[in-house]
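Here the structure is laid out as structure tokens; the discussion comes afterwards.
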Amino acid sequence: MNPKVTGCIVTYNNMKTIKKAIDTILEYTDENFRLYVVDNNSTDGTPKFIRENYPEVCLIETKTNSGFGKGHNLVLPMIESEYHIIINPDIVIKDNAVEKIIEFMDSNPDSGVVSPKICFPDGREQILGKRAPHLKYLVASRLRDEKNPSKLLREYAMLDCDLTKVTDIDVASGCFVVFRTSVFKELKGFDEKFFMYFEDFDISRRANKITRVVYYPDATIYHVWGRESKRNMKLMLIHIKSMFRYFFKWKTL
């Protein structure tokens, strides 16, 4: 029998966070949920750890690091669920947030993609883009002051709107986002030309052409969010390359 909800984590050398992510996901879901983990050829023992400790998890091992979007797309032919969740390996769930989102989507069939409230583990809300990214917004995000966000950053994150209620958004952060599986399949998943970064913005914009993409504030997910591309030159270059690919594809700055 197919589960109502499936979820997928794509991981590459994420042993520091993967245990807590899987433990909390499995704690707050039930037999109507199935978790897939796609391991992109980790060298830190992640696949062995998952095989030995989580027999209920469907582990898919690749022979190369194929990137975030391509990794998630591997489950496309395998899932026959009603809802499918994209999950980062540094996500923590503390309550029945998944259940809340599914109940909302059951009651709102026009909502094909749902982004919950995303907070740091200490409870501070993360300031994430919800409007389509433009260069001015990305610069503001890179130069952000979490305690005193600039006007542009507030605009990008739609802090100028009432986010205490369900709100239509241009883009949803890929750290945790729920798709109707039919929508995810219709979109053919992520654009695999994006190795990492901006693939979530791209799929959100494509989704907005066929369904509603909404922010749902009554469910909260916790995200470590290391912002590694600010410290790692290789990741920074990948980030910049993806940014230009996104702007070229959507013909917008």
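Per the 1.4 Å probe, what fraction of the accessible area of the chain, in percent, lies on carbon and sulfur atoms? Summing carbon and sulfur atoms, their accessible area is 53 percent of the total for the chain. Restricting the calculation to alpha carbons of region 121-253 gives Rg and Dmax of 14.7, 40 angstrom. Here the extension length gained between LYS4 and ASP44 equals 11.2 nm, from 0.36 nm per residue of separation less the Cα-Cα distance. What is region 64-127 by shape, rounded, prolate or oblate, if you read a ≥ b ≥ c off the alpha carbon gyration tensor as root eigenvalues and call it rounded for a/c under 1.5, prolate for a/b larger than b/c, and oblate otherwise? Here region 64-127 falls in the oblate category.
For LYS19, the aspartates and glutamates whose Cα falls under 20 Å of its own Cα, not counting residues fewer than eight places away in the same chain, are GLU27, ASP30, GLU31, ASP39, ASP44, GLU52, GLU56, GLU61, ASP90, ASP95, ASP122, GLU228. Measuring only protein heavy atoms, the 1.4 Å probe finds HIS239 accessible over about 40 Å².
Rolling a 1.4 angstrom probe over the protein chains, ignoring ligands and nucleic acids, what is the accessible area of ILE18 in square angstrom, nearest 10? Its accessible surface works out to 0 Å², give or take rounding. Full extension of the chain between LEU253 and GLU56 yields a length gain of 66.5 nm, computed as 0.36 nm times the residue separation minus the alpha carbon distance. Need one word for the chain: rounded, prolate or oblate. Basis is the Cα gyration tensor (sqrt eigenvalues a ≥ b ≥ c); a/c below 1.5 gives rounded, then a/b vs b/c decides. Since a/c stays below 1.5, the shape of the chain is classed as rounded. Accessible surface area normalised per residue over region 49-121 is 42 Å², counting heavy atoms of protein chains with a 1.4 Å rolling probe.
For region 18-111, the Cβ-based charge dipole about the Cα centre amounts to some 540 debye (Lys, Arg positive; Asp, Glu negative; other atoms uncharged).
Taking a straight line from the alpha carbon of LYS209, these lysines sit under 18 Å away, with near neighbours fewer than eight places off in the same chain left out: LYS130, LYS185, LYS188, LYS249, LYS251.
Distance from the Cα centroid of region 63-110 to that of region 187-253 is 15 Å (rounded to whole angstrom). PRE reach from SER182 (point 7 Å along Cα→Cβ): which of region 69-89 fall under 17 Å by backbone N? Hits in region 69-89 for SER182 at 17 Å: 79-85. Loop sites only, by DSSP: take the GluC sites (Glu not before Pro) in the chain that have at most 15 other C-beta atoms within 10 Å and name the longest stretch containing none of them. Here the longest segment lacking exposed loop sites spans 147-253. Of all the options MET158, MET243, MET78, the one that moves most in a Gaussian network model of the chain with Cα springs shorter than 10 angstrom is MET78. GNM remark for the chain: springs join alpha carbons under 10 Å apart, and the peak mean-square fluctuation among LYS147, LYS63, LYS100 falls on LYS147. Where only DSSP H runs of four or more residues are counted, the chain gives -9500 deg cm²/dmol as its mean residue ellipticity at 222 nm, each run worth -39500 (n - 2.57). Once the chain from ASP218 to ASP110 is taken as fully extended at 0.36 nm per residue, the excess over their C-alpha distance is 37.1 nm.
The values are calculated or read from the model by the stated rules, or taken from the named source; none is laboratory data. Because the structure is a prediction, the values reported are computed rather than measured. Glycine gets a Cβ as well: all are built from the backbone with ideal geometry, and neighbour counts include every protein chain shown. The protein model used for the area step is the full one, side chains on, heavy atoms only, and it has no ligands, DNA or RNA in it. Shrake-Rupley method; radii C 1.70, N 1.55, O 1.52, S 1.80 Å.
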